[in-house]
Amino acid sequence: MSGIPRVSRALATSFVAALTLFAPLGAQSVAPDRFEGLRFRHIGPLGNRVASVAGVPGDRMTYFAGAASGGLWKTDDAGLHWRSVFEDEPVHSIGAIAVAPSDPAIVWVGTGESSIRSNVSIGNGVWRSTDGGESWTHMGLEGTGRVGRILIDPLDADIVYVAALGHSYGPAQERGVYRTRDGGATWDRVLFVDENTGAYEMVMDPANPRKIIATTWDLELKTWTRDSGGPGSGLFMTMDGGDTWDPLEGNGLPTGTLGKIAVCMSAGDSDRIYALIETSDGVPIEGYETDTGELWRSEDGGHNWNLTSYDHNLATRQAYYTRCGVSPDDRDEVYFLSSSYSVSLNGGETHTTSNYLGDKSSPGWDLHDIWLDPTDGDRFLMAFDGGVAITENRGESWYRVQLPIAQMYHVTADNAIPYNVMG
C-alpha cells in the first residue's frame, strides 16, 4: 500500500470497516486473515480543500500544494502530474509552505489549518526538507497547533520565521512569531501578545529581509461557535529581523477592536502595502466597539495608512478566508481571495469580482492561498476548496487540478448489484 496516499488508505480502510459493520445481523464474524488477499485502490472522489501553495521563482515546472487534510503534493511538470510527498509523517494538515529563495531544495511546511471553521485540522509544528520535498525532518514547535505563514530569509536559509496561531481552543502560550537562526535546531519566540492571541500572517520586505510586518489574531474556538477578534488583534513591524517589534496603530488604521488581518506587498515596490482587516463593520465584537471598512493601503512602507475600500466582497466570512497578493511588477494590481475572486487594477480603489459558478475566468471558489512568482508577474497559483489553479497569462485562463484528497466524514455501501458506495 506504499503507493497509495494515506488519505486514500484511510478511506479504503473505512470502507472495509463499513462492510463489516453493516453485515447482516446474525452473520458469523470474519477472521482478519480472510482479508489478507484484498488490495486497496483509490476509488475517489477527487477534489477538496487545498490550504496552501508555493512554487519556485523562475521555475514553471515545480509547485507544492498543501491539503487541509491530505498531506503535501508536488508536481515536477507544471501541474500535469502530482505525487504525494508527505506519506510517512504523523500529520496530514498543511497550513503553510515556503521554499528557500537561495536554495529551492530547502522546503518548509507548517502544519494545521489557519482557515477557521467548525471542522478544521490541528498540526504538530513544522517540518523541513533539504531534498526538494522527497524526505522530511520534524523541526519542533509541536504545540503551535496551526501555522499561518512561514518566511525564509532570502540570503540565509537558516533564518526562518513561523507565524503560529496556537491550538486556539483556549488560552495557550505556544502562540506568536517564532524565529530560528540555525535551521530549526533552536527557536526563539520573538513576538507574543498574550495567551489568547496568535500570529496569522507575515510579509517580508524583499529589499530588506530584516523588515517584517506580522499580524496577530485574537481567536478562540468553541464546539458551538468561535470568537474572532479582540484586544490582541493588530499589526506589528520589526526593522531588525525580529529582535524588537513596534505595534502599528493610528496613522489611518482603524482604532476599534479588530479580528483577522492579512497583509501583502509587491515584490517590486515594498513601499506599497495592503491590509485586509476584519472590523465587524461597526457591529460590536463581544462588547468591544469596531470600525467599518475592509481594505487599507500604505504608500510609505507601513507607517501611514488610508482606508481604500468598504466592499465586503474582498473578505467575506473573514475567519475562514482573508488573503491577498500583489503583482510583482505592478503595485496597483491586487488579488483578493475569498468565497469569490476579486482583482483590482488601481490599488484597491475599485475591483471586479468573479464567481466560479458563473464565470470560468475565476480560478475557483472558496480561495485560501496565493503564490506569485516574484520574477514573473504572469505566473501565479491559487489554493481553493476544489484543488489548485495555475495561470501563466496573468489570470486570463487557468489550469485547474483536482487531487485525491476528498474529506470523507462517513462511508457506506448499499445492497444494489453492483453496489453503490456513498459518502
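Below are the figures for this structure:
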quantity: For region 145-282: relative contact order, % (alpha-carbon pairs under 8 angstrom, 6 or more apart); calculated: 17 percent
quantity: Extension gain (nm, one decimal) between Thr352 and Glu142, 0.36 nm per residue minus Cα-Cα; calculated: 71.5 nm
quantity: Relative contact order %, the chain, counting alpha carbon pairs below 8 Å whose residues are six or more apart; calculated: 12 percent
quantity: Cβ-based charge dipole, the chain, positive-most Cα from Ala105, Tyr161, Thr350; calculated: Ala105
quantity: Rounded to the nearest 20 debye, dipole of region 38-94 from Cβ charges on Lys, Arg, Asp, Glu; calculated: 240 debye
quantity: Label-zone membership for region 400-419, site Val30, 7 angstrom Cα→C-beta point, backbone N under 19 Å; calculated: 411-419
quantity: Label zone at Met61, where the point sits 7 Å out along the Cα-to-Cβ direction: region 382-396 residues whose backbone N lies under 16 Å; calculated: none
quantity: Charge sum, other residues only, whose C-beta stays under 13 Å from Arg189's C-beta, Lys/Arg counted +1 and Asp/Glu -1; calculated: -3
quantity: Calculated FRET value between Thr244 and Thr130, using beta carbons and R₀ = 22 Å, to 0.05; calculated: 0.10
quantity: Crossing angle, helix 6-21 versus the chain [Cα axis fit, 0-90 degrees, rounded to tens]; calculated: 40 degrees
quantity: Dipole of region 68-155, positive end: most advanced residue of Leu80, His92, Asn119 [Cβ charges, Cα centre]; calculated: Asn119
quantity: Mean residue ellipticity (222 nm) of the chain, computed from DSSP H runs ≥ 4 via -39,500 (n - 2.57), nearest 500; calculated: -1500 deg cm²/dmol
quantity: Accessible area of the chain belonging to carbon and sulfur atoms, whole % at 1.4 Å probe; calculated: 51 percent
quantity: Reported label for calculated log10 I(q)/I(0) by the Debye sum over Cα atoms at q = 0.08, 0.12 Å⁻¹ given [x] -0.56, -1.07; [y] -0.49, -1.07; [z] -0.43, -0.94; calculated: [z]
quantity: Contour excess over end-to-end distance, with Cα ends at Ala416 and Thr223 and 0.36 nm allotted per residue; calculated: 65.7 nm
quantity: Per residue accessible area of the chain, 1.4 Å probe, in Å²; calculated: 42 Å²
quantity: Total charge dipole magnitude, the chain, about the Cα centre, Cβ charges on Lys, Arg, Asp, Glu only, Debye to nearest 20; calculated: 1620 debye
quantity: In region 197-291, the trypsin sites (Lys or Arg not before Pro) that fall in loop regions by DSSP, at most 11 other Cβ within 10 Å; calculated: Lys222
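The values are calculated or read from the model by the stated rules, or taken from the named source; none is laboratory data. Just so it is clear, the structure is predicted and the values come from calculations on it, not from any experiment. Methodologically, a virtual Cβ is constructed for each residue, glycine included, from the backbone with ideal geometry; neighbour enumeration extends over all protein chains shown. Areas reflect the complete protein model, heavy atoms only, side chains present, ligands, DNA and RNA absent. Shrake-Rupley method; radii C 1.70, N 1.55, O 1.52, S 1.80 Å.
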